[in-house]
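Structure record follows, encoded as structure tokens.
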Amino acid sequence: MIDLKNVTKTYDMGAVEVKALRGVTLHVDEGEFLSIIGPSGSGKSTLMNIIGCLDLPTSGEYYLDGKEISTYDEKQLAKIRNQKIGFVFQKFNLLPKLSALENVELPLIYRGMSYKDRMRKSIETLERVGLGDRMSHKPTELSGGQQQRVAIARALAGNPPVLLADEPTGNLDSKSGQDVLALIQELSREGKTIVLITHNAEISKEAKRTVAIIDGQLVDNG
Amino acid sequence: MNIRNIIKMAFQSFLSNKLRTFLTMLGIIIGVFAVVVLISIGQGATKGVTESISSMGANIINVNVFDRKQVMKLKDMDKLASLQGVKSVTPVYSVSTTVKYDLEKARVAINGGNENYMKINNYEIDAGRVITPVDVDYRNRVAIIGRTTADKLFDAENPLDKEISVDGIKYTVVGILKEKESNLMGDSNDTVIVPVTSLMRQYNLTQINSIVLQANSAEESALAKENVQGYLLDRFGNKDSFMVLSQDEMLSILKEVTGMLTIMLGGIAGISLLVGGIGIMNIMLVTVTERTREIGIRKAIGAGRGNILVQFLIESSVMSGVGGLIGVVLGILTSYLITGAMGIRYVTGIPVILGALIFSLFVGIFFGLYPANKASKFKPVDALRYE
């Protein structure tokens with residue numbers, strides 16, 4: 001499903017070049033639950049951005065679902081993000097002016113789905129994450145755990161094959177964090193490919209496989 | 001992503017920034033308002049002036065004499081009248097003064113002319129008689145008054161054969177004019193017509209500066225004008241001493257002047273619309289920066305550059321479009337009131353209204369283009385990190 005071959009990412013900071021990724025090779029099978037663990041500054045966010053097609057590698061190859069995407073242009077990348085990837089962020093990243101339902105609907109709007117289909121799909125997904133009774137609430141009217149579940153619903157609405165979660169429990173209390181992790185486990189059991197990024201070793205144990213990233217290189221790849 | 005959704009989103013964003021949106025719109029509202037009001041009034045005035053010139057009577061030629069040393073006398077009138085193509089001639093004098101009857105007073109324009117004056121100016125008699133050549137020859141103190149003047153001075157009394165006092169000199173009312181449609185030049189029914197000779201004697205005038213002629217027909221108008229010019233050139237020796245203008249020429253000059261005025265006023269108003277557009281651009285730039293994170297989120301979940309560009313373009317053009325609509329409504333109301341107060345006809349300038357609306361929409365798109373393009377170019381990674 002995800003295949004990175006010797007991927008590097010270099011940031012040009014004017015005087016100095018920062019090598020965030022130094023030749024990362026990683027394979028994730030379809031339906032696998034992988035966690036990437038690393039301290040801050042290790043390059044895990046860069047790796048997540050590249051896997052999530054938010055950024056392109058400086059060199060190396062990236063195959064997503066069998067397609068080499070490192071040569072894609074912005075328009076194609078936007079389409080990939082829309083159809084193949086579901087993001088869950090540490091800071092939820094919901095649009096504050098939109099209701100839970102409208103937030104979940106958004107990726108489907110960009111996909112060009114009809115109003116009727118969007119509604120059916122969004123409501124179904126919100127019910128799936130247990131927020132069927134909170135659909136018209138704004139994010140500020142929801143608790144952190146509920147907001148993150150809206151974000152997960154948004155990531156799932158378009159039924160993408162890959163779910164990318166970047167510190168999904170980082171801004172939650174332990175109870176809500178547990179709920180969110182349980183939800184992710186459930187999705188994994190249903191066959192979704194999941195990449196979980198965290199700095200917390202406890203949380204990384206949720207995954208079936210863990211790789212660590214230190215100084216832009218993967219270790220423990222096994 | 002369909003337009004209805006984006007427009008809905010634009011309104012949501014406006015509602016959360018009510019004051020800012022209103023102030024930004026104000027630039028467009030004032031601009032469009034100014035365009036609509038100024039052009040409506042300009043067009044109304046043009047129409048009014050055109051109508052009042054047309055109502056003067058057919059195939060009119062105006063002569064004005066500027067020479068201070070050589071002057072036109074009454075005997076020149078006969079010579080002008082005998083020129084080929086000329087049907088009739090009247091000297092014209094106009095004095096604005098107070099007219100009294102009994103205890104009633106009114107300020108009116110006293111117009112002196114000869115027996116042709118009424119016909120040339122399209123006046124008809126309602127009761128009594130017209131001014132005759134005898135009145136002119138003998139400087140009879142007789143007057144023909146308009147309906148408005150009659151109402152002011154006489155109320156219900158019959159004005160015929162009553163004596164009115166013009167600056168202390170008594171004139172006998174011998175006729176009343178049929179009512180005529182008013183125009184921009186003033187109330188045509190508030191007038192007193194007297195023999196020009198009587199007026200000249202009363203005010204010690206010896207020279208004639210203003211003459212109105214009527215040509216035999218539209219076809220002969222040019223011929224008559226040429227002959228009059230020839231006669232006057234002979235009489236004065238240079239062509240700077242007088243000016244001969246036919247009705248068509250007056251119309252075209254006035255049309256040109258008011259047309260230019262309309263364009264100028266419209267231009268000034270257009271500039272304020274442009275300034276409003278710069279306001280939109282300014283606020284859109286602020287909005288785009290403020291919403292960097294939102295743009296990042298949208299891009300992360302699949303919005304392409306085009307989606308973001310269209311979203312912000314629609315936002316700016318909805319803002320200017322709504323502003324334009326408000327401006328047009330206020331403009332129509334105001335110009336309706338102003339033209340009413342000025343006594344000119346309100347001209348519904350559909351092209352002006354449509355033009356103002358389209359232009360304001362265009363302003364929104366044009367000035368929204370740069371901010372929207374800037375927003376669409378944000379890198380999702382950087383935009384997501386923005387606090």
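Derivation of every value follows stated rules applied to the coordinates shown; laboratory data play no part. Not measured: the values here are computed from a predicted model. Positions of Cβ are backbone-derived with ideal geometry, glycine not excepted, and every protein chain shown enters the neighbour counts.
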Given R₀ = 25 Å, FRET efficiency for B:Phe362-B:Ile7 by Cβ-Cβ distance, to 0.05? 0.90
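How would you rank B:Asp151, A:Asp133, A:Asp55, going from fewest to most other Cβ atoms within 10 Å of each one's own Cβ?
A:Asp133, B:Asp151, A:Asp55
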Using Cα springs under 10 Å in a Gaussian network model of chain A, which residue among A:Gln147, A:Gln90, A:Gln178 shows the largest mean-square fluctuation? A:Gln178
Going from the alpha-carbon gyration tensor of the stretch B:263-365, what semi-axes, largest first and in whole Å, does one get by taking the root of 5 times each eigenvalue? 37, 12, 11
Simple label model, 7 Å out from Cα along Cβ direction - A:Tyr115 to B:Arg345, nm: 4.6
Compute the long axis of helix A:115-128 from its Cα atoms, compare it with the longest principal axis of the Cα atoms of chain A, and write down the angle in degrees, 0 to 90, nearest 10. 80
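What number, in percent, do you get for the relative contact order of the stretch B:1-136 if the mean sequence gap of Cα pairs under 8 Å and at least 6 apart is divided by its residue count?
Values: 80 pairs, mean separation 22.2, N = 136.
Across the stretch B:1-136, relative contact order equals 16 percent.
Just want the ordering: B:Val318, A:Val24, from fewest to most Cβ atoms lying within 10 Å of their own Cβ.
Ordered by Cβ neighbours within 10 Å, fewest first: B:Val318, A:Val24.
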A:Gln76 neighbourhood, Cβ < 15 Å, K/R = +1, D/E = -1, net charge +3
Tell me, Kirkwood radius of the stretch B:81-130 from alpha-carbon pair distances, in Å? 13.2
Based on the Cβ-Cβ distance from B:Glu157 to B:Lys69, what FRET efficiency comes out when R0 is 51 Å, to the nearest 0.05? 0.60
Descending semi-axes in Å of chain B, equivalent ellipsoid built from Cα gyration tensor: 66, 24, 15
All lysines inside 24 Å of B:Lys100 as judged from Cα atoms, apart from same-chain residues fewer than 8 positions distant: B:Lys152, B:Lys162, B:Lys170, B:Lys178, B:Lys180
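Can you run the Rg to Rh ratio on the protein assembly as shown? Use alpha carbon positions and the Kirkwood inverse-distance Rh.
Ratio of gyration radius to Kirkwood radius for the protein assembly as shown: 1.35.
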List the pair-distance distribution P(r) of the stretch A:99-222, using every Cα-Cα distance, as the percent of pairs falling in each 10 Å bin from 0 up to the bin containing the longest distance, rounded to whole percents. 12, 40, 32, 13, 2
For the stretch A:162-222, the Rg and Dmax computed from alpha carbons only, in angstrom: 11.9, 34
On the formula 1/(1 + (r/R0)^6), with r taken between the Cβ atoms of B:Val286 and A:Asp173 and R0 of 51 Å, the FRET efficiency rounded to 0.05 is 0.90
Could you work out Rg/(2.2 N^0.38 Å) for the stretch B:105-150, with Rg from alpha carbons only? 1.17
The long-range amide H neighbours of A:Arg209, using H built 1.01 Å from N in the peptide plane and a cut-off of under 5 Å, are A:Phe33, A:Ser35
Which of the aspartates and glutamates could be linked to A:Lys91 by a straight reach, that is with a Cα gap under 16 Å, when you skip same-chain ones fewer than 8 residues away? A:Glu141, A:Asp166, A:Glu167, A:Asp173, B:Glu294, B:Asp382, B:Glu387
DSSP loop GluC sites (Glu not before Pro) in the stretch A:1-91 with at most 15 other Cβ atoms within 10 Å of their Cβ, which ones? A:Glu30
If amide hydrogens are placed 1.01 Å from N in the peptide plane, which non-local residues have theirs closer than 5 Å to the one on A:Val88? A:Leu164, A:Ala165, A:Asp166
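Convex hull over the Cα atoms of the stretch B:177-303, averaged projected area in nm²?
Details: hull surface 73.8 nm².
It is 18.5 nm².
Consider all pairwise Cα distances in the stretch B:196-270 and report the whole-number % of them above 17 Å.
65
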What is the order of B:Leu274, A:Leu77, B:Leu19, fewest Cβ neighbours within 10 Å to most? B:Leu19, B:Leu274, A:Leu77
Could you run the Karplus curve 6.51 cos²θ - 1.76 cosθ + 1.60 with θ = phi - 60° over the stretch B:222-235 and give me ³J(HN,Hα) per residue in whole Hz, x for Gly and Pro? 5, 4, 4, 4, 4, 5, 5, 4, x, 4, 5, 4, 4, 6
Does anyone have the angle between helix B:247-290 and the longest principal axis of chain B? Alpha-carbon axes, 0 to 90°, nearest 10? 20
So how far apart, in nm, are the two label points at B:Arg139 and A:Glu190 if each is 7 Å from Cα heading toward Cβ? 11.3
Give me, ordered by chain and number, the residues 5 or more places off A:Val24 or on other chains with an amide H under 5 Å from its own placed amide H. A:Asn6, A:Val7, A:Thr8
Relative contact order as a percentage, the stretch A:1-138, C-alpha pairs under 8 Å and 6+ apart, gives 20
